[in-house]
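Take a look at the structure set out below.
Throughout, read-outs are computed from the coordinates displayed, never taken from laboratory work. Values in this document were obtained by computation on a predicted structure and should not be read as measured data.
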Amino acid sequence: MGRKLTLTLILALTLACGGGWLGLGLIASPFLAPGAADVQVTDIAPGERLIVYRMPNPDAAWYTTIARRLANSGWRLPDSRNQWGDTENYVTRYTRNTSIWLLKLHERAELLGDRSNAHIRVTYRLTWR
């Protein structure tokens, strides 16, 4: 009886983790602007991705579209009072924390690049509550 319970728990945990990683695999879609071309999603490290694409029409404003989409999805800009004055080196960082049962998912997205080229670094960290 104990062996069956242990195997069932291991199977459930494996399926839960696999489902979580599958969900994270679909995570690039909120960061893609309409009309994006040459999309590349690179896993830099566990829990860290770089999404790069080109906008054929620079007037399409990928940055504004993605910033609005993130804000509407619960992502927030941290208080950055100390960064006024260093605007050339300012990096827009959106964060979102989501609680899932006993786990907490910390997400961070850095919007980099220029009008024609998007470079978005997304970081995920999972912790116990």
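Using only alpha-carbon positions in the range 29-82, the gyration tensor eigenvalues give semi-axes of 21, 18, 10 Å once each is multiplied by 5 and square-rooted (largest first).
Converting phi to 3J(HN,Hα) with the Karplus coefficients 6.51, -1.76 and 1.60 and the offset θ = phi - 60°, the range 112-129 yields 10, x, 10, 5, 9, 10, 9, 10, 10, 9, 10, 10, 10, 9, 10, 10, 7, 6 Hz in sequence order, with x at every glycine or proline.
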